[in-house]
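Bear in mind that the values in this text are calculations on the coordinates, not laboratory data. Bear in mind that the values here come from a model prediction, so they are computed numbers and not experimental data. Note: ideal-geometry Cβ built from the backbone for every residue, glycine included; neighbour counts use all protein chains shown.
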Amino acid sequence: MISTTDATRALRQSLYLVLGAMALAIATAKIVGAENVYEPSRYKPASTQYDANRADTPARVWPEKRPEPTLMFGSNDRSRWATVRAIVENGTYVIGKRANLTATAPPYGDSGIIFEESYTSIDKVMNPDTGEFYSSKPPLFATLLAGEYWLLHKLCGLSIDRDRWLVVGIILITINVLPFALYLFLLAKLIEQYGRSDFGKLITFAVASFATFAITFAPTLNNHTPAIFCTLFAIYPLLRSESPTKRDLFLSGLFAGLTATFELPAAAFAGGLGLLLLLSRFRQTLTCYLPGLAIPVVALLACNVISMGKITPAYGEFGGPWYNYGGSHWLKLKEPVRPRGIDFNSESTPVYAMHLLVGHHGWFSLTPVWLVAACGLIGQARRLRESLLGKLAAVTIAVSVIVFTFYLTRFQSYNYGGNTSVARWLIWLSPLWLLGLLHGVDRIADSRWWRFVTVILLAFSVLSVFYPAWNPWRNPWILQLCEQLGWVRY
């Protein structure tokens, strides 16, 4: 094996610094240079009659007048920004109001932030009893961000509407760049601790910096990048030493709980870590890990009750009256013939599973370097009884299977996460797979041929991350290639 020595440590650390600085600079540039751009290829002229028989005709209509400039890219982030603004400026989670609850067709008398041009979003629900609109996104994240906006609004006199370029930029740097810096720093420490080859260490850090879609989603307000960071922050306290302290267990539980509030299926990750710790540190897990875990979970439930008067999240109402109000985007699912668009995809489960794994939104096709990581995870898991890393690899495999299966059970929303550059609700698993990648690359580091193959896999992974140059809410390059070849069109 091409070994790692103290003689090369200084060089590796310099490379970590250079690569990390480049990644953070790119992420920051994407934020400060963000603007929602209308691409002609995705729209038809306003005067063109829609031809349902032409599969290559864009469904969207080009605006008749110049849109309001904004750095809010689409429904997902606008829904969250509307909630942040409503909390601070209006003292409520309500982002809109319907005046005419009995109307079965427009006009409905809708008003409020979510119906303003810059905040229009399909990611909203309506209380059928009151006509009040809320974001369909879990409210805890927006509540935390409202704290920062409150400071900017009250102390600095900034408005998210009037000064959106400054306010949104500051908040995005706070949540998508600063934690990214800490993430890379802590990951470098783990790589140095557990890596066995220079090549393996550098490849793993390069993937973490440029190939996990953290940079892709940096310019938009989303739950996926915080989930990536929190996943690493949850496992780092357990891996940094052979004997985690009570503080380490508490921090691990806290960030595992936060990850679950950002990504609901990450509850399997929090549970897997808890089970792993219960088997080795039963009392400390009960007194330290579980209390840490409970804090963000209880906070989320409290925000649900405060915002909508119910403990369950808004998306738990999918398919019910909260989603299926007059004019709702999701009401189209009940139409006899589904309209065009990836949101209304009706593929079979096997086809959907194939595309999530190796197809146009595939975990392995968009980020092929994960093929090496899969081999590494299997190799680590075979040493289950020998090390904590082996146990964590087994948890990673189990959680990955559970999460993948979870999304195969949501037949009403086989939409790949909408118009976006990756199956975005899987990318929080990246830190766990990076540890498998480290082990996998170490095992092949002696082979010049396999080093070359790994670099090629890294290159295609980076291509997928940077293909959506400025807007993460664009389809992956593989899907666009398939559409150009006429193989598939949604």
Farthest towards the positive end of the dipole of the chain, among Ser413, Pro45, Ala373 and with Cβ unit charges of +1 on Lys and Arg and -1 on Asp and Glu, lies the Cα of Ala373
Of segment 196-237, those with amide N under 20 Å from the point 7 Å along the Cα→Cβ vector of Leu388 are 196, 229-237
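Give me Asp161, Asp198, Asp129 ranked fewest to most by other Cβ atoms within 10 Å of their Cβ, as a rough exposure proxy. Present the calculation step by step, with values, prior to reporting the outcome.
Values: Asp161 14, Asp198 19, Asp129 8.
Ascending number of Cβ neighbours within 10 Å: Asp129, Asp161, Asp198.
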Taking the alpha-carbon centre of each part, the distance from segment 130-152 to segment 205-270 in Å is 22
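Can you classify segment 365-413 as rounded, prolate or oblate using the Cα gyration tensor, where a ≥ b ≥ c are the square roots of its eigenvalues, rounded means a/c under 1.5, and otherwise it's prolate if a/b beats b/c and oblate if not?
Numbers: a/c = 4.42, a/b = 1.68, b/c = 2.64.
Because a/c hits 1.5 or more and a/b fails to exceed b/c, segment 365-413 counts as oblate.
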Between Leu301 and Leu408, Cβ-based FRET efficiency (R0 25 Å, step 0.05) works out to 0.40
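If R0 is 41 Å, what FRET efficiency do you get for Arg66 and Ala29 from their C-beta distance, rounded to 0.05?
Values: r = 26 Å, r/R0 = 0.63.
E(calc), rounded to 0.05, equals 0.95.
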Non-local residues with an amide H under 5 Å from the amide H of Glu132, with H modelled 1.01 Å from N and Pro and chain starts lacking one, are Arg98, Asn127
Once Trp487 and Leu286 are pulled to full extension, the length gained, defined as 0.36 nm per residue separation minus their Cα-Cα distance, is 67.1 nm
Listed by chain and number, the residues whose amide H is under 5 Å from that of Ser421, excluding neighbours fewer than 5 places away on the same chain and using placed H, are Arg474
HN-Hα couplings for segment 344-349 via Karplus (6.51, -1.76, 1.60; θ = phi - 60°), in whole Hz with x for Gly/Pro, come out as 10, 4, 10, 5, 6, 4
Dipole check, the chain, charges on Cβ (K,R +1; D,E -1), about Cα centroid: among Thr216, Gln480, Thr349 the Cα furthest to the positive pole belongs to Thr349
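Assuming R0 = 41 Å, can you tell me the calculated FRET efficiency for the pair Phe460 and Ala294, based on Cβ-Cβ distance, to the nearest 0.05? Mind showing how you got there, number by number?
Details: r = 41 Å, r/R0 = 1.01.
Between Phe460 and Ala294 the formula returns 0.50.
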With +1 at each Lys and Arg Cβ and -1 at each Asp and Glu Cβ, the charge dipole magnitude of the chain around its Cα centre, to the nearest 20 debye, comes out at 820
Residues meeting the amide H criterion for Lys124 (H placed from the backbone, H to H distance under 5 Å, 5 or more places apart or on another chain) are Ser136
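With +1 on each Lys and Arg Cβ and -1 on each Asp and Glu Cβ, how big is the dipole of segment 342-426 about its Cα centre, in debye rounded to the nearest 20? List each step's numbers first, then the result.
Numbers: 6 positive and 3 negative charges, 80 e Å.
I would put it at about 380 debye.
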With x for Gly and Pro, the residue-by-residue ³J(HN,Hα) of segment 477-489, computed from phi through the Karplus equation 6.51 cos²θ - 1.76 cosθ + 1.60 at θ = phi - 60° and given in whole Hz, is 5, 5, 5, 5, 5, 4, 5, 5, 7, x, 7, 7, 7
Here the gain from full extension of Ala99 to Leu331, 0.36 nm per residue of separation minus their alpha-carbon distance, amounts to 81.6 nm
For segment 178-194, Karplus-derived ³J(HN,Hα) couplings (6.51, -1.76, 1.60; θ = phi - 60°; whole Hz; x for glycine and proline) come out as 4, x, 4, 4, 5, 4, 5, 5, 5, 5, 4, 5, 5, 4, 5, 6, 10
Farthest towards the positive end of the dipole of the chain, among Trp330, Phe404, Ser241 and with Cβ unit charges of +1 on Lys and Arg and -1 on Asp and Glu, lies the Cα of Ser241
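For the residues Phe213, Phe318, what sequence is obtained by ranking on other C-beta atoms within 10 Å, fewest first? Intermediate results must be reported in sequence, preceding the final value.
Working: Phe213 26, Phe318 17.
Fewest-to-most Cβ neighbours within 10 Å comes out as Phe318, Phe213.
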